[in-house]
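Trainee: I'd like to ask you about the structure that follows.
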């Protein structure tokens, strides 16, 4: 599909030379994201103002041309792949930190600001913004908001939905609007802010966000606990979450992942049935009692070793296994299927056991690790050839069915995008999906915003 | 308006004798709420199951009869007054705590459970549900969710929107649905949960809620700081909120309110230009450093006295001024106008000064106090006769205009209901209101749910 000449001409009156392109090399660069799915857009726009986004969406609506918002394309679900062509709106040049307001514990940013850059800018003020995806140095705040992306700290500090006060955005009608507040509390009408967060660009394009900041605790202590088996580790997670001191990270790594990490990361990675990485933060004089409380909960049947790092070097050594994991997986399978299912914490032992059984049944390699404090597990299927790839897909459907049976859901932080859309009816009732479609129509009556994503 | 006989007969097939009434005495009892507005419903229903609510809404939709959900009517905005008649659905008999699940830090409740009863039931498990309106012993969780009702603890622990994982509900179509998750993290489709919270029964009737629980800290320390004037106190609030230890209550009382409390509460109430009540919670061995950090921030230009309670009796004595306030106001003006505006914390000094100027200009008595840590001030106008009542209303419009000019919003925790509806265009852009109307239509195409509320 080529864009209508009239549309292109009209767009050019709002976008200067170099900020709107139909060049094939550029289009190729914006055809894919970290899902490795691929589809060519008809044009790529690089807005720098809210008004440009309003004009673009309004014009595309007139011509019924798809509009796909894009942060930095680090998502793993194909949420930014332009499956129906259209205009990709890359927010990479709309990347100003508009205001840092420590007195009111908030920051106003444009969507293209990188998560890592924001954290750096907040540091001198003694604050941070809690969402911390592993891709933090390269992912944008706009993308974090679109996908409700989280990370290890979510267990204590929440996801973007708990850490955003207000938004400015452009709906599928081309109308700009503001929602939410510039205050830490509000009960003035419907919560459109949270509705947009996690909507993956299907309801509106976010052009500005007012983020809620959290004071950065000055102290951090890292612990590593190894267990005889995954069940013992999962039970320890439930014990840790049932006592009052909430860790700021509570990461789980299963035996398969540990073995993989050890093969690639060397002897510093422990041999064990499962491992927990635990971090607690706070002011320095409160840390010893916090470490003691969490350690008490981590101990129990099946614990093999509990180490508390005393220095920065020791902390780094404890994290080495977790760090070795990503490169190790890539070596085995460049086509890894990376899921992020979530179950109630108490059901983690059943999930982990169930996944082991499915790996055996379908004869595929699965490593599981992730944010256990939220019951959020990265289930990575590592097919090494086409036959394994086929078996992996059959296995995946059963993984999702297991998760739903355990009262869990499809995604904790990656979202739905293209790749999990077909599984949505597993997780949501027809009436709920029907209401979501109505909400979609309320914001985007012509269905031009990121078509083919999220809703089945 | 009388209900159509066919509707009444059909309803009776779903509601046994005594659970649906058209008796005038009963209708009168459900005609008003704490706003003191008044309008007679045509019938009152007392469902005990989700299915009954589905049937009721479906039938009322067929006959285009309004349906008004009601918790315990403690709201102050007229949100549950049936201004167009119809059926009031009182959830007072749907009041089971379905499940308390400490391992997963959640509880499942029916909407009629009283907030205070829930807190009592959670105590033995070491958890609490953070929203704590002053009406906690008498208000229902369903009402708290409908209005996003908060309280002093919100400054540290958030409002219902931050403390609810999932809902079961019935939309205006009569269709039941579930939304949200049974997990502490989720990125599976649109966030309908938060959309329903604070929607004041205009989108759906909540029939079950999965609430996120927080471990209850075992220690609490109470401080009272008095200041030369309201500006000095407001600046102390901003200092307290800019350091890492977040208090679990940070309440402000202005000089007029203090004088009133002293007249009624006696000598234990201090004479001062303004007062802050501050509470910090935590584990006992962390409390001294928390108290020290907050005290340091509370000190500064204009501080007159800082007292830290050492015993339960001292704590009670420190709170006496705040406690004396409500009865004192009622004595002066049974028709008090109770607002709950909110501004960014750093703008509190301007808000407080501005309100003083408006009180003088319109010659009305205004006392201000409230949840200063969130910038959420209860601005109470106390008219003593009809002339003052008229002047109060003129003054109120200017109070709202001031709040908006300070980047604040109309309501922090009471909501909009009937009484603040006309002011919504002050706070929200026409495009935002238009989207909210679209969302309303997405859930309630015939506009039968709580008509005349929230949206202007």
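Trainee: Among the residues that make up region B:104-120, is at least one of them over 19 Å from the mean Cα position of the chain (by Cα) and over 24 Å from residue B:180 (Cα atoms)?
Mentor: yes
Trainee: Return the total of residues in region B:159-192 being in contact with a strand residue (DSSP E or B) (Cβ under 9 Å, 6 or more places away or on another chain), facing chain A (nearest Cβ under 8 Å), without any contact (Cβ under 8 Å) to a residue 60 or more places away in the chain and within 30 Å of residue B:250 (Cα to Cα).
Mentor: Going through region B:159-192 one residue at a time, the tally reaches 2.
Trainee: Looking only at region A:421-454, filter to residues that are part of a loop (DSSP other than H, G, I, E, B) and within 24 Å of residue B:175 (Cβ to Cβ); which one of those is farthest from the chain's Cα centre (by Cα)?
Mentor: A:445
Trainee: Would you mind telling me which numbered condition in (1) touching a strand residue (DSSP E or B) at 6+ places or on another chain (Cβ under 6 Å); (2) in contact (Cβ under 8 Å) with a residue 24 or more places away in the chain; (3) within 11 Å of chain B (Cβ to nearest Cβ) residue A:392 fails?
Mentor: (3)
Let's see how each residue does on (1) touching a helix residue (DSSP H, G or I) at 6+ places or on another chain (Cβ under 9 Å); (2) away from chain A (no Cβ under 14 Å):
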{"site": "B:94", "(1), (2)": "yes, yes"}
{"site": "B:98", "(1), (2)": "no, no"}
{"site": "B:103", "(1), (2)": "yes, no"}
{"site": "B:107", "(1), (2)": "yes, no"}
{"site": "B:112", "(1), (2)": "yes, yes"}
{"site": "B:120", "(1), (2)": "no, yes"}
{"site": "B:131", "(1), (2)": "yes, no"}
{"site": "B:134", "(1), (2)": "yes, yes"}
{"site": "B:139", "(1), (2)": "yes, yes"}
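Trainee: Among the numbered criteria (1) in contact with a helix residue (DSSP H, G or I) (Cβ under 6 Å, 6 or more places away or on another chain); (2) assigned to a loop (DSSP other than H, G, I, E, B); (3) surrounded by fewer than 24 Cβ atoms within 10 Å (Cβ to Cβ), which single criterion is violated by residue B:189?
Mentor: In the conditions (1) in contact with a helix residue (DSSP H, G or I) (Cβ under 6 Å, 6 or more places away or on another chain); (2) assigned to a loop (DSSP other than H, G, I, E, B); (3) surrounded by fewer than 24 Cβ atoms within 10 Å (Cβ to Cβ), residue B:189 misses (3) alone.
Trainee: Quick check, is residue B:419 out of contact with any helix residue (DSSP H, G or I) (no Cβ under 7 Å at 6 or more places or on another chain), closer than 22 Å to residue B:145 by Cα and within 14 Å of chain A (Cβ to nearest Cβ)?
Mentor: When the stated conditions are applied, residue B:419 passes them.
Trainee: Suppose the filter is within 11 Å of chain B (Cβ to nearest Cβ), in contact (Cβ under 8 Å) with a residue 60 or more places away in the chain, assigned to a helix (DSSP H, G or I) and touching a strand residue (DSSP E or B) at 6+ places or on another chain (Cβ under 9 Å); does residue A:146 pass it?
Mentor: Answer is yes for this residue.
Trainee: Still on this structure: Out of all the residues in region A:373-381, is one or more more than 11 Å from every other protein chain (Cβ to nearest Cβ), surrounded by 17 or more Cβ atoms within 10 Å (Cβ to Cβ) and out of contact with any strand residue (DSSP E or B) (no Cβ under 8 Å at 6 or more places or on another chain)?
Mentor: no
Trainee: Taking residue A:53 and the conditions (1) in contact (Cβ under 8 Å) with a residue 60 or more places away in the chain; (2) away from chain B (no Cβ under 14 Å), which numbered condition does it fall short on, given that it satisfies the others?
Mentor: That leaves (2) as the condition not met.
Trainee: Within region B:118-136, restricting attention to residues that are touching a strand residue (DSSP E or B) at 6+ places or on another chain (Cβ under 7 Å) and assigned to a loop (DSSP other than H, G, I, E, B), which residue is surrounded by the fewest Cβ atoms within 10 Å (Cβ to Cβ)?
Mentor: Of all residues in region B:118-136, those touching a strand residue (DSSP E or B) at 6+ places or on another chain (Cβ under 7 Å) come to B:118-119, B:121-122, B:125-130.
Applying the additional criterion that residues be assigned to a loop (DSSP other than H, G, I, E, B) yields B:126, B:129-130.
Values: B:126: 15, B:129: 25, B:130: 21.
Here the answer is B:126.
Trainee: The conditions are (1) exposed (fewer than 15 other Cβ atoms within 10 Å of the Cβ); (2) more than 30 Å from residue A:418 (Cβ to Cβ); (3) modelled with pLDDT under 90, and residue A:349 fails exactly one of them. Which is it?
Mentor: Exception for residue A:349: condition (1).
Trainee: Suppose the filter is in contact (Cβ under 8 Å) with a residue 60 or more places away in the chain, at positive phi and either surrounded by 23 or more Cβ atoms within 10 Å (Cβ to Cβ) or assigned by TED's automatic domain parsing to the domain that holds residue A:245 (or both); does residue A:452 pass it?
Mentor: It is false that residue A:452 is in contact (Cβ under 8 Å) with a residue 60 or more places away in the chain, at positive phi and either surrounded by 23 or more Cβ atoms within 10 Å (Cβ to Cβ) or assigned by TED's automatic domain parsing to the domain that holds residue A:245 (or both).
Trainee: Just one of the numbered conditions (1) surrounded by 17 or more Cβ atoms within 10 Å (Cβ to Cβ); (2) touching a helix residue (DSSP H, G or I) at 6+ places or on another chain (Cβ under 9 Å) is not true of residue B:301; which one?
Mentor: Result: residue B:301 passes all but (1).
Trainee: Does residue A:250 satisfy the condition of being buried (at least 21 other Cβ atoms within 10 Å of the Cβ), within 14 Å of chain B (Cβ to nearest Cβ) and part of a strand (DSSP E or B)?
Mentor: yes
Trainee: Scan region A:382-392 and give yes if some residue there is within 25 Å of residue A:224 (Cβ to Cβ) and not assigned by TED's automatic domain parsing to the domain that holds residue A:275, otherwise no.
Mentor: Yes: one or more hits.
Trainee: Next up: State whether one or more residues within region A:198-207 are within 11 Å of chain B (Cβ to nearest Cβ) and within 25 Å of residue B:375 (Cα to Cα). Spell out how you get there, then give the answer.
Mentor: Here is the first cut: in region A:198-207, the residues within 11 Å of chain B (Cβ to nearest Cβ) are A:198-200, A:202-204.
Keeping just the survivors that are within 25 Å of residue B:375 (Cα to Cα) gives none.
Within region A:198-207 (the criterion being within 11 Å of chain B (Cβ to nearest Cβ) and within 25 Å of residue B:375 (Cα to Cα)), the answer is no, since none of the residues qualifies.
Trainee: Quick one: which residue in B:370, B:412 is surrounded by 21 or more Cβ atoms within 10 Å (Cβ to Cβ), at the interface with chain A (Cβ under 9 Å from one of its Cβ atoms) and in contact (Cβ under 8 Å) with a residue 40 or more places away in the chain?
Mentor: Values: B:370 fails: at the interface with chain A (Cβ under 9 Å from one of its Cβ atoms).
Going through B:370, B:412 in turn, the sole match is B:412.
Trainee: I'd like to check something: does region A:244-253 contain any residue that is out of contact with any strand residue (DSSP E or B) (no Cβ under 8 Å at 6 or more places or on another chain) and modelled with pLDDT under 95? It would help to see each step written out before you state the result.
Mentor: Within region A:244-253, the first condition is being out of contact with any strand residue (DSSP E or B) (no Cβ under 8 Å at 6 or more places or on another chain), and the residues that meet it are none.
No, that holds for no residue.
Trainee: Tell me the residue from B:65, B:88 that is outside any helix (DSSP H, G or I), under 24 Å from residue B:36 (Cα atoms) and more than 25 Å from the chain's Cα centre (by Cα), please. Reasoning before the result, please.
Mentor: Working: B:88 fails: more than 25 Å from the chain's Cα centre (by Cα).
It is B:65.
The values are calculated or read from the model by the stated rules, or taken from the named source; none is laboratory data. From a predicted model like this one, the values you see are computed outputs, not experimental measurements. So basically every Cβ, Gly included, is an ideal-geometry build from the backbone, and we count neighbours across all protein chains shown.
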